Structures are given as structure tokens and as C-alpha cells.
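Derivation of every value follows stated rules applied to the coordinates shown; laboratory data play no part. Computed from a prediction, not measured in an experiment: that's the story for all the values here. Don't worry about glycine lacking a Cβ; one is built from the backbone with ideal geometry, like all the others, and counts go over all protein chains shown.
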Amino acid sequence: MGRGGHVGGLIIALEMVVQGTSPDAWYYWLVRPMIWLSEQQWFTFGRLRPLHTNAVIFAFVGNGMFAGVYYSAQRLLKARMFKDWLSNLHFWSWQMIIVSAAITLPLGITTGKEYAELEWPQDIAVTLAWVVFGINLMGTIIKRRERHLYVAIWFYIATWVTVAMLHIVNSVELPVSLFKSYSFYAGVQDALVQWWYGHNAVAFFLTTPYLGMMYYFLPKAANRPVYSYRLSIIHFWALIFLYIWAGPHHLLYSSLPDWAQNLGTVFSIMLIAPSWGGMLNGLLTLRGAWDRVREDAVLKFYVVAITCYGMATLEGPLLSTKFFNSISHFTDWTIAHVHVGALGWNGFLTFGMIYWLIPRLFGKQMHSRGLMNFHFWIGTLGIIFYTIPLYFAGFTQSLMWKQFTPDGYLAYANFLDTVIQIKYAYWLRSLGGTLYLTGVFVMVYNVWKTVAAGKLIANEDVEAMPMEKEAAHVGAHWHRWIERRPIQMLVFSLVVVGIGGVVELVPTFLIQSNVPTIKSVHPYTPLELQGRDIYVREGCYTCHSQMVRPFRSETERYGEYSKAGEYVYDHPFQWGSKRTGPDLLRVGGKYQNSWHFYHMINPGEFVKGSIMPPYAHLYEQWIDTGSTPMKIAAMRTLGVPYPEGFEQQASADLSAQAQGIADDLKAGGIEIEKEKEIIAMIAYLQRLGTDIKPKAAPTAATK
């Protein structure tokens with residue numbers, strides 16, 4: 001299932017380069033199937049991108065993490081897992097959640113919140129599966145036969161308790177139906193909660209458990225002790241305390257209050273110290289074993305993985321400063337950055353672990369050392385070809401967006417100019433993804449041949465005696481006190497990670513001045529609300545932002561910069577994190593209804609060079625008008641000030657507004673039923689940014 005995340009990523013990378021390809025191109029026969037795929041509503045970029053991210057995080061990394069934890073925990077604790085049936089329940093429930101995501105996300109069933117797109121029944125299932133995992137892990141720790149809790153176990157405990165906290169807080173939502181809900185939070189508050197979750201999903205799902213695995217599998221593979229026990233202590237506590245504060249660095253120059261942005265920046269910069277402390281602790285563990293690195297593919301995978309961890313954890317804090325963030329945000333630089341971590345750190349550590357585990361699980365050496373080394377080199381080349389072109393693309397995007405002519409006009413006023421300029425990078429990224437995926441399939445073949453030739457060693461005898469009553473340890477390190485008390489460690493970890501969340505979230509919710517209201521901002525009409533739900537369903541936020549930052553280059557291109565009060569009725573927020581297309585916050589009224597009609601049906605033909613996929617299904621599918629009263633009632637429950645009883649007239653209001661748009665299109669020679677989804681989408685797009693009027697430029701008389 002983890003391979004599906006890599007395959008999905010390669011598919012959407014190819015979709016971005018094949019759109020707009022001329023039928024006269026000599027290689028058109030090669031890209032035509034991909035063009036056809038991208039034109040199907042279930043496989044558009046906006047629907048597959050969430051599937052890709054969820055598959056990489058929860059299927060590939062998640063299953064890799066659970067495999068590493070289950071194997072290493074039993075040996076570090078010298079005890080079998082608490083309950084075998086809990087292990088089986090955890091495994092199968094997690095796989096069913098992944099399968100459900102693979103079905104629902106292409107169908108457009110999504111909350112529209114990055115890395116948390118699964119709908120409310122799936123959120124409940126994730127919670128229950130995580131509880132099962134926690135009971136099994138903590139039960140094993142409590143019944144252990146080794147009093148000392150090794151550093152890897154610390155990271156596993158912190159991972160479990162923190163991910164539980166993040167998931168529960170971010171997933172508070174109000175169900176409308178079985179497959180639809182609205183986030184409990186709105187606008188600025190939703191953005192803060194989402195990136196408090198989103199950043200720390202990276203921290204505590206993709207980082208801390210893998211650090212625990214590093215502390216176990218690297219010393220085992222190198223046959224060397226961890227370099228420094230004291231450095232491990234500093235690494236652990238400093239990392240989990242500082243990480244939780246860093247979420248707001250994803251929202252610099254946004255409508256988030258400045259104090260929260262600054263907190264995110266300060267703590268992100270401080271993160272360099274513990275992150276690099278952990279990296280050095282890993283690399284220095286190999287002291288005296290570097291000769292083996294040249295010969296042992298497992299150690300080569302580990303060295304590159306830890307190096308990528310160090311690169312990503314230096315780059316992340318740098319991108320959290322306002323200077324670098326003003327250059328990188330919304331560009332492909334960020335995409336390159338996260339893939340250094342995903343492909344290098346998580347991917348290579350997982351591959352090294354698999355190559356180390358399989359011979360021990362099946363009593364047989366790997367089928368081919370040559371294939372292991374081939375996988376290493378082609379995977380490394382894949383990372384290089386993937387990331388370096390995207391770094392150049394990010395620099396190019398930012399420079400072109402900000403460039404002015406000597407006369408003071410935008411040098412590249414047409415956003416499409418920047419897309420065309422960096423298309424080469426998307427081709428090279430696709431090549432890098434192909435190389436990386438080739439290595440994965442080589443590994444699968446190598447593992448299959450090894451497993452077929454060996455025999456599963458299902459059980460190993462426990463050799464440790466039951467623990468004796470604890471005696472006083474004169475001269476022992478002070479940290480031994482907490483290491484021997486797993487419940488206290490769990491509680492202390494929760495307190496340490498909870499401090500940052502409380503300090504950042506509570507004031508944003510309780511102090512009204514953090515999100516000042518704007519009188520002219522009104523709730524969405526029923527038709528606009530339906531159009532917004534279609535916009536979310538199609539994943540438009542994966543390519544378009546709705547956040548105009550206070551830069552001259554952005555206000556000249558898009559209009560008045562964003563205000564916090566504009567988003568108070570947005571459940572969920574739609575600020576986005578990447579601009580493959582232009583920002584849409586001020587698109588309302590910028591074009592005629594007919595422009596949107598023709599643009600959505602075939603963007604590549606209507607705007608030459610566009611890589612946006614067509615949305616022909618919006619012209620065939622009917623608006624789900626039957627859900628309108630329920631949606632209005634849910635929004636009013638969340639605090640949107642619709643009048644009491646508005647549900648009864650909402651459908652009539654929707655019909656009247658839809659008729660107006662249909663009549664306007666008819667006047668331009670376009671015949672279409674008012675109940676089609678494209679009508680609702682046009683209504684939503686025409687509403688965006690129209691609630692506030694920008695201040696008029698001063699005249700000579702008023703200067």
C-alpha cells in the first residue's frame with residue numbers, strides 16, 4: 001500500500017507536464033493515456049494529490065513506523081507485545097482505513113484540510129486504531145522484563161500521546177451527512193489549528209518515531225553503541241518541547257496575528273539545535289565503522305537518510321524566517337523541501353530497515369547484494385533529479401512573481417508565464433520520481449526472492465528473567481528516574497508538548513481582537529455554499545491559494561491584501577499552501593460568468609499553455625440541492641448568522657440566484673440548466689473577495 005503513495009505522486013507529477021501538450025509532438029502517443037487519465041473526474045490533480053499525501057504519510061510511513069516499533073519494542077523491552085489480538089486488530093484496521101481513503105478521496109469525499117482530508121467516520125476509525133496501538137504499546141512497556149527504557153521507547157511514547165492530541169483537536173467537525181462535515185473552526189482559527197496539526201504531523205508522525213527507529217536499527221546494523229546517552233536526553237526533551245510551537249511558520253505574512261507568526265519563527269529557529277544534535281548522535285554512532293559503510297548497503301541507506309534529516313531540519317527553520325519565507329512560500333521550493341524528508345529521511349530509513357529485517361525474519365541472506373546497491377544508487381539519483389530542479393523552479397517562480405519593470409509595472413503580469421518557464425523542472429521531477437519508484441520495485445523483487453527462499457521465524461524465545469524489585473542506584477544518572485516510570489514519561493511528554501499548543505491556540509480563540517470582524521462580510525448564499533463545497537471536493541486549494549500577502553507584487557497582481565475578518569464564515573479555511581495557479585481571493589467580479597464557463601470546461605484550450613485539467617463533469621452533474629437545508633442548519637450551528645428558519649427558503653434562494661447566472665450565460669449564447677454544478681461553482685468564484693472594497697487611491701486633491 002505504501003507503494004501506492006509513490007505511484008500516485010508520479011501520476012500527478014506526470015499530469016502536470018502532459019496537460020497542454022500539442023498533438024503534433026512526436027511523443028504525444030506516450031502522454032495521451034496520461035492526458036486521458038487527468039481528464040477523468042476521479043483522477044484529476046486536485047483529487048489525487050490528497051490521496052498521494054495520505055498514502056505517503058499514513059500508508060508508507062505509517063506502516064513502516066508500526067513495523068519498526070513492533071519489532072524493536074519487543075526486543076528493547078524483552079517482552080512479547082501485550083496482546084497478539086490487539087496487534088492483529090491494529091494491523092487490519094489500519095489497512096482498512098488506508099483502503100477507505102483510496103476509495104473516498106478520488107470520489108471527492110474530503111474535508112479539504114491538508115493531511116487531514118479524511119471525513120468524520122474515518123477520523124473516528126483512525127482514533128480507535130490509534131487507541132488500540134497505544135494500549136498494545138503501553139501494555140507491553142508495563143509488563144516489560146527490562147527496567148531501563150531505552151531512548152527509542154521514549155520517542156515511541158511521545159509519538160503516541162502527541163499524535164492522539166493533534167488528531168483529536170484538529171478533527172473536531174460537525175457532520176452534515178455520512179460523507180460530509182464542516183470543520184468546527186473557521187478562517188484564521190481553522191488555519192492555526194490546521195497547521196499546528198499539519199506541521200506536527202510531520203514532527204510526530206514522520207520524525208519522532210523514525211528517530212526512535214534510528215536509535216535502534218542504526219546501532220544494530222553498525223554493531224556500535226549510540227554515540228552519546230546525554231545527547232539523546234537533550235535531543236528528546238528539547239525536540240518534543242520546541243517542535244509543537246513551530247506550526248505558525250506555515251502562515252507567515254498571512255492574516256494570522258503577528259504574535260503567533262513570530263512565536264512560530266522563534267521556536268522554529270531554536271529547533272536547529274536538537275535536530276542537529278540527533279543527526280550528529282546518529283552519524284557519530286558510526287565512528288569506527290565507516291569502512292563498513294562502503295560495503296554495507298543498509299548502512300549506506302541509513303547515512304543518506306540521516307543526512308537528509310539534517311538537511312531538512314536546517315532548511316525548515318531557515319524557511320521559517322520571514323526573509324526566506326517571502327521567497328519560498330507558495331512555490332515549488334517547499335515541495336522540494338518536504339520531499340527531501342519524505343524520500344530521503346523516511347524512505348531511505350525504511351528501506352534500510354527492511355533490508356536489515358528480512359534476513360532475520362526469514363533466516364536467509366538477501367537474494368542479491370548487487371540489487372540492494374542498485375536500489376541505493378538509483379534511489380539517490382531519483383532524490384537528486386526530483387529535488388534540485390524544484391529548487392530552481394521555486395527560485396524562478398518567486399523572482400518572476402516579484403519582478404517589476406523600470407516603469408513600476410509587473411514584468412510578468414500574466415501568471416501563466418511563470419508556469420511555462422518552469423515546466424522543464426516538472427519533467428525532471430517526473431524522471432526523478434520514476435528512478436526512485438524503479439528502486440522500490442527492485443527492492444520488492446529482492447525481498448520476494450529472499451522470502452521465497454527462506455522460512456518465517458515467527459517467534460523468538462524471551463531470554464530475560466522477570467524484573468526484580470527496584471533497588472536504589474547510587475550515582476545513577478538523574479534521568480534514570482523517569483526512564484523507569486513509563487506512565488510518568490507519558491504524562492510528562494503530554495505536558496511538554498501541550499504547553500505550546502495551549503499558548504498559541506487559546507488566545508486566538510478567546511481574544512476577539514485577534515480576529516477582528518468586518519461588517520461588510522456576510523455569509524455565503526445557499527448557491528455559493530454549494531459551489532464552495534464543490535470547490536473543496538475538487539481539491540482546488542491544492543493549486544490555488546486564497547491569501548493575498550501584504551507585498552506590493554501581490555497587491556498589484558491580485559488586489560487588496562487579506563484581512564482576518566474576511567474568513568470568519570469559512571469552514572474550513574481555504575488559504576492553500578501552493579500556487580500552481582494564481583491566487584483566487586479577489587477573483588470575484590474580475591471576469592464575466594461566460595469566462596469562467598469556458599475556462600472550466602477546457603482550460604488548456606481557453607488559456608493556451610495552462611496545465612489545469614478540464615472539469616467537464618461539472619457541466620453534467622446536478623447540484624445536490626436536497627442537502628441545502630442541512631448545510632444551512634449546520635452552518636448556523638457553527639455560528640454563521642443565518643436567520644432562524646432560513647433552511648425553509650434556502651432552496652428557493654438557491655434557485656433564484658442560479659436562474660440569474662443561467663440567464664446571464666444565455667444572453668451570451670450559452671444554454672445550460674441552472675441546476676448544473678458549474679452554475680454553483682461560478683457563483684462561488686464570483687463571490688470571492690467582493691465583501692470588502694479596497695481603499696481608493698488618493699487623488700491630487702486629497703494628497
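Annotation for region 32-84: trypsin sites (Lys or Arg not before Pro) lying in DSSP loop with at most 16 further Cβ atoms inside 10 Å of their Cβ are 78, 80, 83.
Residues in region 533-569 near a label at residue 638, defined as backbone nitrogen under 13 Å from the 7 Å Cα→Cβ point? Only 533-534, 536-537, 567-569 fall inside the zone, counting backbone N under 13 Å.
Taking the alpha carbon gyration tensor of region 182-300, multiplying each eigenvalue by 5 and rooting it gives semi-axes of 36, 14, 11 Å, largest first.
Taking R0 as 51 Å, what's the FRET efficiency between residue 491 and residue 427 from their Cβ-Cβ distance, rounded to 0.05? Before the final figure, lay out the partial values.
Values: r = 52 Å, r/R0 = 1.01.
After rounding to 0.05, the efficiency reads 0.50.
Rounded to the nearest whole Hz, the Karplus-based 3J(HN,Hα) values (6.51 cos²θ - 1.76 cosθ + 1.60, θ = phi - 60°) of region 312-327 follow the sequence 5, 7, 8, 5, x, x, 5, 5, 7, 7, 5, 5, 5, 5, 5, 8, with x at glycine and proline.
Within region 526-687, count lysine pairs with alpha carbon atoms under 21 angstrom apart where the residues are 8 or more positions apart or belong to different chains.
For region 526-687, the number of qualifying lysine pairs is 8.
The residues 517, 162, 265, when put in order of fewest to most other Cβ atoms within 10 Å, stand as 517, 265, 162.
If R0 is 30 Å, what FRET efficiency do you get for residue 517 and residue 414 from their C-beta distance, rounded to 0.05?
Numbers: r = 36 Å, r/R0 = 1.19.
Result of the calculation: an efficiency of 0.25.
Work out the charge dipole of the chain with +1 on the Cβ of Lys and Arg and -1 on the Cβ of Asp and Glu about the Cα centre, then indicate which of 361, 228, 405 is farthest towards its positive end. The one lying farthest along the dipole's positive direction is 228. About its Cα centre, the dipole of the chain is roughly 2400 debye, where the only charges are +1 on Lys and Arg Cβ and -1 on Asp and Glu Cβ. Among the trypsin sites (Lys or Arg not before Pro) within region 267-312, those in coil by DSSP and having at most 11 neighbouring Cβ atoms inside 10 Å are 287. If R0 equals 25 Å, the separation of the Cβ atoms of residue 294 and residue 360 corresponds to a calculated FRET efficiency of about 0.65. Among the GluC sites (Glu not before Pro) within region 563-631, those in coil by DSSP and having at most 10 neighbouring Cβ atoms inside 10 Å are 620.
Using a cut-off of 15 Å between beta-carbons, work out the net charge of the residues near residue 569 (Lys and Arg +1, Asp and Glu -1, residue 569 not included).
Numbers: positive: 519, 532, 563, 631, 636, 687; negative: 190, 528, 533, 566, 570, 691.
Every neighbour counted, the sum reads 0.
Here's how it looks for residue 404: its modeled amide H is under 5 Å from those of 411, which are all 5 or more places away or on a different chain.
For region 514-613, the dipole from Cβ point charges (+1 on Lys and Arg, -1 on Asp and Glu) about the Cα centre works out to 220 debye, to the nearest 20.
Listed by chain and number, the aspartates and glutamates whose alpha-carbon sits under 13 Å from that of residue 180, ignoring those within fewer than 8 places in the same chain, are 117, 119, 123, 533, 624.
Mind ranking 305-311, 527-533, 483-489 by how tightly packed they are, going by the mean number of other C-beta atoms within 10 angstrom, highest first?
On the way: 305-311: 22.4, 527-533: 25.9, 483-489: 16.0.
In decreasing order of mean packing, 305-311, 527-533, 483-489 become 527-533, 305-311, 483-489.
Computed packing ranks the peptides 394-404, 197-207 as 197-207, 394-404, most packed first, by mean other Cβ atoms within 10 Å. Projected onto the charge dipole of region 526-687 (+1 at Lys/Arg Cβ, -1 at Asp/Glu Cβ, origin at the Cα centre), which of 526, 561, 630 gives the Cα projection farthest towards the positive end? Among 526, 561, 630, the one farthest towards the positive end of the dipole of region 526-687 is 561. Here, region 526-687 is characterised by an Rg to Rh ratio of 0.96, where Rg is the alpha-carbon radius of gyration and Rh the Kirkwood radius.
Toward the positive end of the charge dipole of region 256-320, with +1 on the Cβ of Lys and Arg and -1 on the Cβ of Asp and Glu, the farthest Cα among 314, 273, 302 is that of 302. Within the same chain, lysines fewer than 8 places from residue 78 are excluded, and of the rest, those with a Cα less than 27 Å from its Cα are 143, 220, 364, 455, 469. Remark on residue 176: its backbone amide H falls under 5 Å from those of 181, 182, a criterion applied only to residues 5 or more positions apart or on other chains, H modelled at 1.01 Å from N.
Once you charge only the Cβ atoms, +1 for Lys and Arg and -1 for Asp and Glu, what is the size of the charge dipole of region 526-687 about its Cα centre, to the nearest 20 debye? If you can, show how the numbers build up before the last one.
Values: 17 positive and 21 negative charges, 139 e Å.
My answer is approximately 660 debye.
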